[in-house]
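Colleague: Quick one: structure below, then a few questions.
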Amino acid sequence: MTAQCHSELLEGLLPIIRAAGDVVMAVYRTDFAVRGKDDASPVTEADERAEALILPALEALLPGTPIVAEEAVAAGSIPEVGELFWLVDPLDGTKEFISRNGEFTVNIALIEHGTPVLGAVLAPALGRLFAGCVGAGAFVEEGGQRHAIACRKVPAEGLTVVASRSHGDATALDAFLGGRKVAALRNAGSSLKLCLIACGEADLYPRLGRTMEWDIAAGHAVLTAAGGRVETLSGEPLRYGKPGFDNPHFVACGAA
């Protein structure tokens, strides 16, 4: 698929993710119930309603392309994936959603040959939509305006490191950062951490805990489009379509 096709698909994706964000926010404004899934992670009506909107819309956008979506997988619907497939997390940061701190996102990415080639991350409570297409750049939409974004070079005063607000191992993070010049450590929820690097607000995100592919694929696409990268701890590019869709530990970073 050409870069032009990717760009056109991304533009077609934006109305879908905005509509899903509207569904999420409609639930957010209510006294919603929280249930536990088989893996003990929380789920709300917002996760389910947003995914129910997204799946048919993606099928209409790119017919016949497999869709790996978090709630469908949790229910046992796991499609066979090949060279091209979607990854969907209808509500990333459910714990942030439940605590009502605004740091939750809707995430949609297209994977081609194991790599996220385009993606969108919407933080509906914060009014920020990040999107990117590898080879065509990345942007953020907020306040009705669209602005190009790019990773920054690490400032002379040192790294701004982002870490998970609801997950993580402080001891492992301290060990990983040992010997690095760190100016600031920020906490953020959901896939926003990848987007903060993409827009030059942070420099490094080590993830030393469990994630699933749908958690980070859209943010990975935005970050790559903005000039950054996501690698395993051994320095290999993080790949998608792995058995079980589990990720190894990884590090996301901006410009070299």
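The values are calculated or read from the model by the stated rules, or taken from the named source; none is laboratory data. A quick note: this is a predicted structure, and the numbers were derived from the prediction, not measured. For neighbour counting, all protein chains shown are included, and Cβ atoms are generated from backbone atoms with ideal geometry for every residue, glycine included. We work out accessible area using only protein heavy atoms, side chains counted, and drop any ligands, DNA or RNA first. Shrake-Rupley method; radii C 1.70, N 1.55, O 1.52, S 1.80 Å.
Colleague: Can you pull out the residues in region 133-155 that are open to solvent by less than 70 Å² (accessible area, probe 1.4 Å), aliphatic (A, V, I, L, M) and assigned to a loop (DSSP other than H, G, I, E, B)?
Modeller: Across region 133-155, the qualifying residues are V134, A136, A150.
Colleague: How many residues are buried (at least 24 other Cβ atoms within 10 Å of the Cβ) and either on the phi > 0 side of the Ramachandran plot or outside any loop (DSSP other than H, G, I, E, B) (or both) when one looks only at region 90-116? If you could, list the steps in order and put the result at the bottom.
Modeller: Our first condition is that a residue be buried (at least 24 other Cβ atoms within 10 Å of the Cβ); within region 90-116, this holds for 90-93, 97, 104-111, 116.
Still in the list and also either on the phi > 0 side of the Ramachandran plot or outside any loop (DSSP other than H, G, I, E, B) (or both): 90-93, 97, 105-111, 116.
Number of matching residues: 13.
Colleague: Identify all residues within region 65-78 that are open to solvent by 30 Å² or more (accessible area, probe 1.4 Å) and within 18 Å of L118 (Cα to Cα); write none if there are none.
Modeller: Selection gives P66, I67.
Colleague: Something else about it: What residue, among those in region 223-247 that are farther than 16 Å from A131 by Cα and of a type in the set (S, T, N, Q), is surrounded by the fewest Cβ atoms within 10 Å (Cβ to Cβ)? Walk me through how you get there before you give the answer.
Modeller: Of the residues in region 223-247, the ones farther than 16 Å from A131 by Cα are 230-247.
Checking which are of a type in the set (S, T, N, Q) leaves us with 232, 234, 247.
Details: T232: 14, S234: 8, N247: 23.
This residue is S234.
Colleague: A follow-up question, please. Out of curiosity, is G178 within 16 Å of the chain's Cα centre (by Cα) and on the phi < 0 side of the Ramachandran plot?
Modeller: Numbers: within 16 Å of the chain's Cα centre (by Cα): no; on the phi < 0 side of the Ramachandran plot: yes.
When the stated conditions are applied, G178 does not pass them.
Colleague: So, in region 99-140, exactly how many residues are polar (S, T, N, Q), over 12 Å from L14 (Cα atoms) and touching a residue at least 40 places away in the same chain (Cβ under 8 Å)? Before the answer, list the steps.
Modeller: From region 99-140, those polar (S, T, N, Q) are 99, 101, 105, 107, 115; that's our starting set.
Filter again for over 12 Å from L14 (Cα atoms), leaving 99, 101, 105, 115.
Next, only the ones that are touching a residue at least 40 places away in the same chain (Cβ under 8 Å) stay: 101, 105, 115.
Number satisfying all stated conditions: 3.
Colleague: Still on this structure: Take G200 and decide whether it is closer than 16 Å to C253 by Cβ, of a type in the set (G, A, S) and out of contact with any Gly (no Cβ under 8 Å at 6 or more places or on another chain).
Modeller: Working: closer than 16 Å to C253 by Cβ: yes; of a type in the set (G, A, S): yes; out of contact with any Gly (no Cβ under 8 Å at 6 or more places or on another chain): no.
Considered against the rule, which asks whether it is closer than 16 Å to C253 by Cβ, of a type in the set (G, A, S) and out of contact with any Gly (no Cβ under 8 Å at 6 or more places or on another chain), G200 comes out as no.
Colleague: Is at least one residue of region 9-27 in a loop (DSSP other than H, G, I, E, B) and open to solvent by 70 Å² or more (accessible area, probe 1.4 Å)?
Modeller: Applying the first criterion (in a loop (DSSP other than H, G, I, E, B)) to region 9-27 yields none.
No, region 9-27 contains no residue that is in a loop (DSSP other than H, G, I, E, B) and open to solvent by 70 Å² or more (accessible area, probe 1.4 Å).
Colleague: Among the residues of region 16-33, count how many are touching a residue at least 24 places away in the same chain (Cβ under 8 Å) and farther than 17 Å from L126 by Cβ. Explain how you work it out, then say what you get.
Modeller: So the first thing to find is which residues in region 16-33 are touching a residue at least 24 places away in the same chain (Cβ under 8 Å), and the list is 16-25, 28.
Applying the additional criterion that residues be farther than 17 Å from L126 by Cβ yields 16, 19.
Total satisfying the criteria: 2.
Colleague: On to the next question. Look at A60 and say whether it is surrounded by 12 or more Cβ atoms within 10 Å (Cβ to Cβ), in a helix (DSSP H, G or I) and either touching a residue at least 12 places away in the same chain (Cβ under 8 Å) or aliphatic (A, V, I, L, M) (or both).
Modeller: Working: surrounded by 12 or more Cβ atoms within 10 Å (Cβ to Cβ): no; in a helix (DSSP H, G or I): yes; either touching a residue at least 12 places away in the same chain (Cβ under 8 Å) or aliphatic (A, V, I, L, M) (or both): yes.
The answer is no for A60.
Colleague: Something else about it: For region 207-222, give me the residue count where each residue is in contact with a helix residue (DSSP H, G or I) (Cβ under 7 Å, 6 or more places away or on another chain) and either open to solvent by less than 10 Å² (accessible area, probe 1.4 Å) or closer than 21 Å to V88 by Cβ (or both).
Modeller: If we filter region 207-222 for residues that are in contact with a helix residue (DSSP H, G or I) (Cβ under 7 Å, 6 or more places away or on another chain), which is where we start, we get 208, 212-214, 216, 219-220, 222.
Narrowing the set further to residues that are either open to solvent by less than 10 Å² (accessible area, probe 1.4 Å) or closer than 21 Å to V88 by Cβ (or both) leaves 212-214, 216, 219-220, 222.
Counting residues in region 207-222 that are in contact with a helix residue (DSSP H, G or I) (Cβ under 7 Å, 6 or more places away or on another chain) and either open to solvent by less than 10 Å² (accessible area, probe 1.4 Å) or closer than 21 Å to V88 by Cβ (or both) gives 7.
Colleague: So, one more: Of everything in region 103-145, what is among the charged types (D, E, K, R) and farther than 18 Å from R229 by Cβ? Give them in sequence order. Reasoning before the result, please.
Modeller: Of all residues in region 103-145, those among the charged types (D, E, K, R) come to 103, 112, 128, 141-142.
E103, R128, E141, E142 - these are the residues of region 103-145 that are among the charged types (D, E, K, R) and farther than 18 Å from R229 by Cβ.
Colleague: Of the numbered conditions (1) assigned to a loop (DSSP other than H, G, I, E, B); (2) of a type in the set (A, V, I, L, M, F, W, C); (3) closer than 16 Å to E213 by Cβ, F32 fails exactly one; give the number of that condition.
Modeller: That leaves (3) as the condition not met.
Colleague: Can you name the condition, by its number, that S190 falls short on among (1) part of a loop (DSSP other than H, G, I, E, B); (2) at pLDDT 95 or above?
Modeller: Among (1) part of a loop (DSSP other than H, G, I, E, B); (2) at pLDDT 95 or above, the lone unmet condition for S190 is (2).
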